[in-house]
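This report concerns only the one structure given below.
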Amino acid sequence: MAISKEIVEYTAKLARLELSEMEKELYFHQLNNILDFINVINSVNVNNISPTANTRISSSEKASTPLRKDEICPFEETQKILSLAPKSEENMFKVPKIIEDD
């Protein structure tokens, strides 16, 4: 599958982007390069390769880089960070409600 310039224009319209002709040409080539690379990846035969959850650690090995313990550390610049937020309340960021109460 290839990306046409019409698909680039249509996608830009859906995203409400105004692209110059130069940008359309650039994205046309970049998107096709990405698809070409995906086709290369898809063509690799992985039938005899077992799936892995973590390529650095086998099931019989211990982690070579264990995670550090979580530690509570005092932070002195809370007010400075809160002053950068659009809204804050009681030393917390105030964000728009996105979940309806039932």
Treating cross-link reach as a plain straight distance, find the aspartates and glutamates whose alpha-carbon is under 13 Å from the alpha-carbon of LYS24, omitting any fewer than eight places away in the same chain.
-> GLU6, GLU9
In Hz, Karplus ³J(HN,Hα) per residue of the range 75-89 (6.51, -1.76, 1.60; θ = phi - 60°; x = Gly, Pro) | 10, 8, 10, 4, 5, 5, 5, 4, 5, 7, 7, x, 9, 9, 7
Residues of type aspartates and glutamates that LYS13 reaches as a straight line, Cα spacing below 17 Å, ignoring anything fewer than 8 places off in the same chain = GLU21, GLU23, GLU25
For the range 16-26, just list the computed ³J(HN,Hα) in residue order, Karplus coefficients 6.51, -1.76 and 1.60, θ = phi - 60°, integers in Hz, with x standing in for Gly and Pro.
-> 6, 9, 9, 10, 6, 4, 5, 5, 4, 5, 4
Name the lysines eligible as straight-distance cross-link partners of LYS94: C-alpha to C-alpha under 22 Å, and not fewer than 8 places from it in the same chain.
-> LYS80
Amide proton proximity set for SER88, modelled H, under 5 Å, gap of 5+ = LYS94
Looking at (i) 347; (ii) 250; (iii) 75, which value of volume of the Cα convex hull per residue in Å³ comes from a calculation on the structure shown?
-> (i)
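Every number in this text was worked out from the coordinates using simple rules, so none of it is lab data. All of these numbers come straight from a predicted model, not from anything done at the bench.
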